[in-house]
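What follows is calculated from the coordinates using simple rules that are stated; it is not laboratory data. Computed from a predicted model, the values in this text were never measured in an experiment. Please note: Cβ atoms are built from the backbone with ideal geometry, for glycine as well, and neighbour counts cover all protein chains shown.
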Number of protein chains: 2
Amino acid sequence: MDSKSAAENFIERMGVISQADGQTRISGRILGLLIVEGRPFTLGEMAERLQISKASASTNARLLRTSGVIRLVSHAGDRQDYYELGTDPYRRMMATVGERLANIGAEVLEAEASFPPNDMDTRRRVHQLADFYLRMAERLKDWSDHPENGPAPAPRHNS
Amino acid sequence: MDSKSAAENFIERMGVISQADGQTRISGRILGLLIVEGRPFTLGEMAERLQISKASASTNARLLRTSGVIRLVSHAGDRQDYYELGTDPYRRMMATVGERLANIGAEVLEAEASFPPNDMDTRRRVHQLADFYLRMAERLKDWSDHPENGPAPAPRHNS
DNA sequence: AGTCTCGTTCAGTCAACACTGAACGAACTG
DNA sequence: CAGTTCGTTCAGTGTTGACTGAACGAGACT
């Protein structure tokens, strides 16, 4: 029972975090559920456990799936869709963020090109912004490709 | 005139980006304005130029100021508050994001502690999430402290 | 074919929140 | 001490968008 409330608490926190990050609350709760339980869930199970509609479960699971954070698994002889955590879900999250930043950087570069060539100072300032986004995106990409580097390595655990 | 529309276009894009990032649209537009114009602005000037209320200008400028992206400058003999880009505004943005991630990581660690000790697997999965946030935060901190490292170095310009 | 059980889609609703207008407080000027 | 001009605060409003309920479509089993 204590375990149950700890799980619910964690799931709810994940929802709030997700929402503060610009995502939907439900997608965070689904992710939290899959992390806590550590087993595949059907859309129906999610809906019942999280007290949400099947529509929301479907939509948000699809959303999480497109970014590779969760994956769809199918059991033989079972028509239902099971969702579970993808491989390296957090690296996928980073990669997704990196892609978004790269898109923003490209967009800012576009905007820079629309300024007249003689506005040197303006173009330089705008270019600095684009550079920030692009460098950030590239670093995230590097990191998601080589997660072993970097500070605070995770304590190794034998599965 | 072409320069003007390019500026407005850029400012508007910054607003959309800011909104997509979970910030307010106006804060992005203010930032875009300061980047494009490259000079200090008063709240009244912002309100007029961006066609927003003084209240919004005040609130959003305050918001940007707390993260150090823009700074308040005072001209002698002028009661008005002038806002301009802070020093290394993008590094400050990174640092702010890093702080938020560190807070989330700490929060997840808290949640992990609330699980019963015998739920080894659950605790491990939750811990991996906390680790992700904390490592991300630390890396962002490193980046904001050492901006010279990393791919695609910005072209140096003599101020 | 008929029925049942899935997942998805779409219009409608509801709540969160950005934004505004007006009132207030503060600091300077005459 | 009025009068003025700032910036801030707060209640009210408008809008976006997440979420729901119901209808629909697709397979599967009898």
| query | Once the Cα atoms of helix B:120-145 and of chain B are each reduced to a long axis, what angle between those two axes, in degrees from 0 to 90 to the nearest 10, is obtained? | reply | 30 degrees
| query | How long are the semi-axes of the ellipsoid equivalent to region A:1-48, from square roots of 5 times the Cα gyration tensor eigenvalues, in whole Å, largest first? | reply | 17, 14, 8
| Rg/Rh (Cα only; Kirkwood hydrodynamic radius) as it applies to chain B | 1.10
| request: List, largest first, the extents of the alpha carbons of region A:89-145 along their principal axes, each in whole Å. | output: 46, 14, 10
| query | Using a Gaussian network for chain A with springs between C-alpha atoms less than 10 Å apart, which of these wobbles most: A:Pro89, A:Pro117, A:Pro40? | reply | A:Pro117
| query | With axes computed from alpha carbons, what is the tilt in degrees of helix A:89-113 against the longest principal axis of chain A, rounded to the nearest 10 within 0 to 90? | reply | 30 degrees
| Highest GNM mean-square fluctuation, chain A, Cα pairs closer than 10 Å: which of A:Gly105, A:Gly44, A:Gly77? | A:Gly77
| request: Could you work out the Rg to Rh ratio of the protein assembly as shown, with Rh taken as the Kirkwood radius (inverse of the mean 1/r over all Cα pairs)? | output: 1.03
| Within chain B: Cβ-based charge dipole about Cα centre, in debye rounded to nearest 20 (Lys, Arg +1; Asp, Glu -1) | 240 debye
| said: With a 10 Å cut-off between alpha carbons and a GNM built on chain B, which of B:Met93, B:Met136, B:Met120 moves the most? | reply: B:Met120
| query | Assuming a viscosity of 1.567 mPa s and a temperature of 4 °C, what translational diffusion coefficient in µm² per second does Stokes-Einstein assign to region A:2-85, Rh being the Kirkwood radius over Cα pairs? | reply | 102 µm²/s
| query | Between the helical axis of B:2-20 and the dominant principal axis of chain B, each derived from Cα atoms, what acute angle in degrees is found, rounded to the nearest 10? | reply | 20 degrees
| remark: Sorting A:Asn103, A:Trp143, B:Gly32 by the position of each Cα along the dipole of the protein assembly as shown (Lys, Arg +1; Asp, Glu -1; all at Cβ), the one nearest the positive end of that ordering is B:Gly32
| Proximal charge balance of B:Glu12 [Cβ under 11 Å; K/R count +1, D/E count -1] | +2
| said: Give me the inter-chain shielding for B:112-123: mean count of other chain Cβ atoms within 10 Å, whole number please. | reply: 3
